[in-house]
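Asks: Dumping the structure here so I can ask a few things about it.
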Amino acid sequence: MTRLGIGMRQIVWVSCCRGAKEETALFASLEKLAKPEAWFFEHNTRGLGTGYNEALERAAGSDRILALVHADVVVADAFAVEKLSDAMQWADG
């Protein structure tokens, strides 16, 4: 269903990185996925939880799904967004 665009919720990739986002494996891999929405906390000196909580507050009240991901992760599955959306649709019942 969601691969056809029916009922797909927006996935937002969230990551905290010590340097520029362009220097991260996550950014490079997301660039290959048709440029999904991503929020990077660049040059981060705070704890991960602080950045992730800021993202949660920013998304509060929306229908977005936040994927909290370390900057060194590579998303290699071309259908990662669709699969996450499918999983959340299933979980929402």
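The values are calculated or read from the model by the stated rules, or taken from the named source; none is laboratory data. Here the structure is a predicted model, which is why all the values come from computation and not from measurement. Here the Cβ positions follow ideal geometry from the backbone for every residue, glycine too, while neighbour counts run over all protein chains shown. The protein model used for the area step is the full one, side chains on, heavy atoms only, and it has no ligands, DNA or RNA in it. Shrake-Rupley method; radii C 1.70, N 1.55, O 1.52, S 1.80 Å.
Asks: Please specify each residue of region 50-77 satisfying the condition of being among the aliphatic types (A, V, I, L, M) and open to solvent by less than 70 Å² (accessible area, probe 1.4 Å). Outline the logic, then answer.
Replies: Residues of region 50-77 among the aliphatic types (A, V, I, L, M): 55-56, 59-60, 65-69, 71, 73-76.
Answer for region 50-77, where residues must be among the aliphatic types (A, V, I, L, M) and open to solvent by less than 70 Å² (accessible area, probe 1.4 Å): ALA55, ALA59, ILE65, LEU66, ALA67, VAL69, ALA71, VAL73, VAL75.
Asks: Further, regarding this structure: Counting just the residues of region 7-49 that are loosely packed, with under 12 Cβ neighbours inside 10 Å and of a type in the set (Gly, Ala, Ser), which one comes out farthest from PHE79 (Cα to Cα)?
Replies: Looking at residues that are loosely packed, with under 12 Cβ neighbours inside 10 Å and of a type in the set (Gly, Ala, Ser), I get GLY47.
Asks: LYS83: open to solvent by 80 Å² or more (accessible area, probe 1.4 Å) and either on the phi > 0 side of the Ramachandran plot or under 10 Å from the mean Cα position of the chain (by Cα) (or both), yes or no? It would help to see each step written out before you state the result.
Replies: Values: open to solvent by 80 Å² or more (accessible area, probe 1.4 Å): yes; either on the phi > 0 side of the Ramachandran plot or under 10 Å from the mean Cα position of the chain (by Cα) (or both): no.
So LYS83 fails the test.
Asks: Read through the list (1) at pLDDT 95 or above; (2) of a type in the set (Phe, Trp, Tyr); (3) out of contact with any Lys or Arg (no Cβ under 7 Å at 6 or more places or on another chain), then give the number of the only condition that PHE27 fails.
Replies: (3)
Asks: Does any residue in region 9-29 that is more than 16 Å from ASN44 (Cβ to Cβ) come within less than 7 Å, Cβ to Cβ, of a residue that is open to solvent by 20 Å² or more (accessible area, probe 1.4 Å) and in a helix (DSSP H, G or I) six or more places away or on a different chain, and which pairs are these?
Replies: ARG9/MET88; ILE11/VAL81; ILE11/LEU84
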